[in-house]
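Undergrad: Got a structure here, written out as structure tokens. Questions coming.
The values are calculated or read from the model by the stated rules, or taken from the named source; none is laboratory data. The structure presented is a predicted model; accordingly, all values stated were derived computationally and were not measured. Here the Cβ positions follow ideal geometry from the backbone for every residue, glycine too, while neighbour counts run over all protein chains shown. These area figures cover heavy atoms from the full protein model, side chains too; ligands, DNA and RNA do not enter into them. Shrake-Rupley method; radii C 1.70, N 1.55, O 1.52, S 1.80 Å.
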Amino acid sequence: MADLTQTFDVLVAGGGNAALCAAITARQAGATVVLAEHAPRTMRGGNSRHTRNLRALHPGPTGVLTDSYLEEEYWDDLKRVTAGKTDEALARMCIRASQHAPGFLESCGVVFQPSLSGTLSLSRTNAFFLGGGKALVNALYRTAERLGIVILYDTEVQHIEVRDGFATEAIVSHRGFPARIRFKAFVASSGGFQGNREWLRKYWGDAADNFQIRGTPYAQGRILKDLLAQGVQEVGDPTQFHAVANDARAPMEDGGLAMRLDCVPFSIVVNRDVERFYDEGEDVWPKRYAIWGRLIAQQPGQVAFAINDSKAQMDYLPPVFAPYSADSIAELAGLIGLDAGRLEKVVADYNAAVQPGTFKAQSLDDCHTEGLTPPKSHWARRIDTPPYYCHPLKPGITFTFLSVKVNERARVMMADGTPSANMFASGEIMSGNILGQGYLAGFGMTIGTVFGRIAGEEAAKIVRN
């Protein structure tokens with residue numbers, strides 16, 4: 001049993017990658033550390049349980065990454081997906097530090113697998129964890145335990161006592177019982193509020209009831225709300241989130257990566273009124289997959305339908321649930337409850353607009369439409385070879401972007417512009433500093449690892465001083 005009567009050097013709230021990186025780094029610097037994970041042991045790890053990879057800068061080939069991926073290209077990729085809504089200084093610092101993130105994780109027992117090719121187009125930019133996010137989380141917890149970090153499961157941090165920017169203790173629920181944890185420095189790594197439908201409804205109304213929460217249901221945003229109510233400066237748009245096109249038949253919570261559908265670039269997508277609403281072939285999938293959740297969230301009933309034919313079936317990752325299939329567009333429409341005449345016209349208009357080109361599934365090609373609104377800029381092929389297929393789509397929410405403001409040392413900023421004396425943040429709870437909108441595959445893990453390490457180092461430093 002943990003002795004909660006003592007005063008710890010550092011309390012870390014959260015149980016995912018960002019929290020663990022902070023806790024491990026602080027402990028390696030000599031601090032006594034307690035980590036409070038809201039979930040039970042079997043559900044530990046937050047959204048990190050569902051991750052697969054980390055985006056990392058590298059000047060040349062590594063054991064798990066091909067070619068090179070340098071700062072300016074990385075920054076350009078981020079700038080494009082966020083439309084410039086990012087703190088460039090923090091973003092570039094994070095990008096530069098990402099070069100060392102895989103090595104740190106490897107030192108904590110995380111194993112990476114050889115680079116991947118295929119439909120994800122990420123062999124040059126993203127390092128993949130062998131065994132996925134669950135293996136990553138298990139390795140980090142093993143390291144934390146070996147270092148003597150006190151780990152409290154079933155422990156929700158409900159309130160942080162903050163006076164004049166200085167935090168002194170936490171009020172928690174530990175296995176259903178109230179308790180207090182005293183500390184000298186605090187690291188908030190407890191995620192966003194995507195699991196809190198009541199909070200989501202504040203911005204999205206009843207539409208929020210149709211959102212699938214891809215990751216942990218424990219992301220209720222309690223620490224985020226508590227800190228903002230106590231004079232911590234907020235940053236980020238509360239309506240923005242990382243969200244993807246999920247299978248409409250997925251569970252409403254904790255479905256994870258397997259429920260994501262990657263068929264969009266090789267399909268046309270219509271809403272329930274049988275209208276296309278966005279360019280399905282705008283850019284390569286890792287740079288555009290995370291806009292589709294929000295696009296679908298804005299459609300009637302928060303549902304959409306990706307339509308393709310037999311030519312496309314080997315071009316994207318196979319889904320968990322088989323697509324609807326039929327030998328005619330009209331029959332397919334009947335299976336999915338759409339107006340058959342309208343769907344036939346949408347497909348016919350699209351087919352008529354498709355221009356001849358050379359199809360290249362793994363790169364931007366010259367297969368496009370002309371005279372069609374919205375256009376399809378790449379991978380446009382006629383849908384004319386039965387059987388025809390449909391994947392039903394709903395928005396899958398990963399994490400929200402409303403955040404606490406931090407500086408380059410991961411120190412939480414107060415509303416008056418001064419840094420907190422002893423509060424730090426890492427991971428999704430501060431991601432809105434860098435992600436104003438949009439998302440770049442693997443970048444959430446980069447933010448968590450980089451700022452987790454900084455937060456842990458800085459928390460231990462002020463304790464030593």
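Undergrad: Listed residues ALA101, ALA97, ALA139, ALA89; which is of a type in the set (Gly, Ala, Ser) and over 24 Å from PHE401 (Cα atoms)? Steps first, please.
TA: Numbers: ALA101 fails: over 24 Å from PHE401 (Cα atoms); ALA97 fails: over 24 Å from PHE401 (Cα atoms); ALA89 fails: over 24 Å from PHE401 (Cα atoms).
From the options ALA101, ALA97, ALA139, ALA89, the qualifying one is ALA139.
Undergrad: Looking at (1) on the phi < 0 side of the Ramachandran plot; (2) open to solvent by 40 Å² or more (accessible area, probe 1.4 Å), which one does LYS376 not meet, given that it meets all the others?
TA: (2)
Undergrad: What residue, of LEU343, LEU335, is open to solvent by less than 70 Å² (accessible area, probe 1.4 Å) and either in the same structural domain as PHE266 (by TED's automatic domain parsing) or part of a helix (DSSP H, G or I) (or both)?
TA: Working: LEU335 fails: open to solvent by less than 70 Å² (accessible area, probe 1.4 Å).
Just a single option satisfies the conditions, and that option is LEU343.
Undergrad: Are any residues in the range 357-396 under 28 Å from SER123 (Cβ atoms) and among the hydrophobic types (A, V, I, L, M, F, W, C), and if so, which ones?
TA: Residues satisfying the conditions are PHE359, ALA361, LEU364, CYS367, TRP379, ALA380, LEU393.
Results for (1) modelled with pLDDT of 95 or more; (2) assigned to a loop (DSSP other than H, G, I, E, B); (3) loosely packed, with under 14 Cβ neighbours inside 10 Å; (4) within 18 Å of the chain's Cα centre (by Cα), shown as yes or no for each residue.
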position: GLY30; (1), (2), (3), (4): yes, yes, yes, no
position: THR42; (1), (2), (3), (4): yes, no, yes, no
position: ASN47; (1), (2), (3), (4): yes, no, no, yes
position: THR62; (1), (2), (3), (4): no, yes, no, no
position: GLU72; (1), (2), (3), (4): yes, no, yes, no
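Undergrad: Within the range 49-60, how many residues are out of contact with any helix residue (DSSP H, G or I) (no Cβ under 6 Å at 6 or more places or on another chain) and open to solvent by 60 Å² or more (accessible area, probe 1.4 Å)?
TA: So the answer is 1.
Undergrad: Take the range 74-95 and flag every residue that is open to solvent by 50 Å² or more (accessible area, probe 1.4 Å) and within 19 Å of TYR289 (Cβ to Cβ).
TA: If we filter the range 74-95 for residues that are open to solvent by 50 Å² or more (accessible area, probe 1.4 Å), which is where we start, we get 76, 79-80, 83, 85, 88-89.
The answer is ASP76, LYS79, ARG80, ALA83, LYS85.
Undergrad: If you check LEU147 against the conditions, is it open to solvent by less than 20 Å² (accessible area, probe 1.4 Å) and touching a helix residue (DSSP H, G or I) at 6+ places or on another chain (Cβ under 8 Å)? Quick ask: steps written out before the conclusion?
TA: Numbers: open to solvent by less than 20 Å² (accessible area, probe 1.4 Å): no; touching a helix residue (DSSP H, G or I) at 6+ places or on another chain (Cβ under 8 Å): yes.
Considered against the rule, which asks whether it is open to solvent by less than 20 Å² (accessible area, probe 1.4 Å) and touching a helix residue (DSSP H, G or I) at 6+ places or on another chain (Cβ under 8 Å), LEU147 comes out as no.
Undergrad: Quick test of your reading of the structure: ALA415 fulfils all but one of (1) open to solvent by 30 Å² or more (accessible area, probe 1.4 Å); (2) aliphatic (A, V, I, L, M); (3) not assigned by TED's automatic domain parsing to the domain that holds ALA101. Name the failing condition by number.
TA: Against the list (1) open to solvent by 30 Å² or more (accessible area, probe 1.4 Å); (2) aliphatic (A, V, I, L, M); (3) not assigned by TED's automatic domain parsing to the domain that holds ALA101, ALA415 comes up short only on (3).
Undergrad: Only residues that are open to solvent by less than 10 Å² (accessible area, probe 1.4 Å) and of a type in the set (A, V, I, L, M): list them for the range 293-312, please.
TA: Passing the criteria: ILE296, ALA297, ALA304, ALA306, ILE307, ALA312.
Undergrad: Restricted to the range 313-332, and to residues that are among the acidic types (Asp, Glu) and over 22 Å from ASN246 (Cβ atoms), which residue is least open to solvent (accessible area, probe 1.4 Å)?
TA: The qualifying residue least open to solvent (accessible area, probe 1.4 Å) is GLU331.
Undergrad: Among the residues of the range 95-105, are any under 26 Å from GLN240 (Cα atoms), at pLDDT 95 or above, in contact with a Ser or Thr (Cβ under 6 Å, 6 or more places away or on another chain) and among the basic types (Lys, Arg)?
TA: So far as the range 95-105 goes, no, none of its residues is under 26 Å from GLN240 (Cα atoms), at pLDDT 95 or above, in contact with a Ser or Thr (Cβ under 6 Å, 6 or more places away or on another chain) and among the basic types (Lys, Arg).
Undergrad: With respect to ALA290, is the statement that it is modelled with pLDDT under 95 and buried (at least 23 other Cβ atoms within 10 Å of the Cβ) true?
TA: On the way: modelled with pLDDT under 95: yes; buried (at least 23 other Cβ atoms within 10 Å of the Cβ): yes.
Yes.
Undergrad: Give the range 134-154 a look and list any residue that's in contact with a Phe, Trp or Tyr (Cβ under 8 Å, 6 or more places away or on another chain), in contact (Cβ under 8 Å) with a residue 40 or more places away in the chain and in a helix (DSSP H, G or I), or say none. Give the derivation first.
TA: Within the range 134-154, the subset in contact with a Phe, Trp or Tyr (Cβ under 8 Å, 6 or more places away or on another chain) is 135-136, 150-151.
Of the ones still in play, those that are also in contact (Cβ under 8 Å) with a residue 40 or more places away in the chain are 136, 150-151.
Hit for the range 134-154 is LEU136, nothing else.
Undergrad: Moving on to the next point. So GLY103 clears everything in (1) under 30 Å from TRP292 (Cβ atoms); (2) open to solvent by less than 50 Å² (accessible area, probe 1.4 Å) except one condition, right? Which one?
TA: The single condition GLY103 does not satisfy is (1).
Undergrad: Next question. Please enumerate the residues belonging to the range 160-209 that are in contact with a strand residue (DSSP E or B) (Cβ under 7 Å, 6 or more places away or on another chain), more than 22 Å from MET1 (Cα to Cα) and open to solvent by 50 Å² or more (accessible area, probe 1.4 Å).
TA: Passing the criteria: PHE166, THR168.
Undergrad: Let me ask something else. Has the range 432-442 got any residue that is closer than 27 Å to GLN194 by Cα, part of a strand (DSSP E or B), modelled with pLDDT of 95 or more and outside the structural domain of LYS311 (by TED's automatic domain parsing)?
TA: Quick first cut of the range 432-442, residues closer than 27 Å to GLN194 by Cα only: 432-442.
If we keep only those that are part of a strand (DSSP E or B) too, we end up with none.
No.
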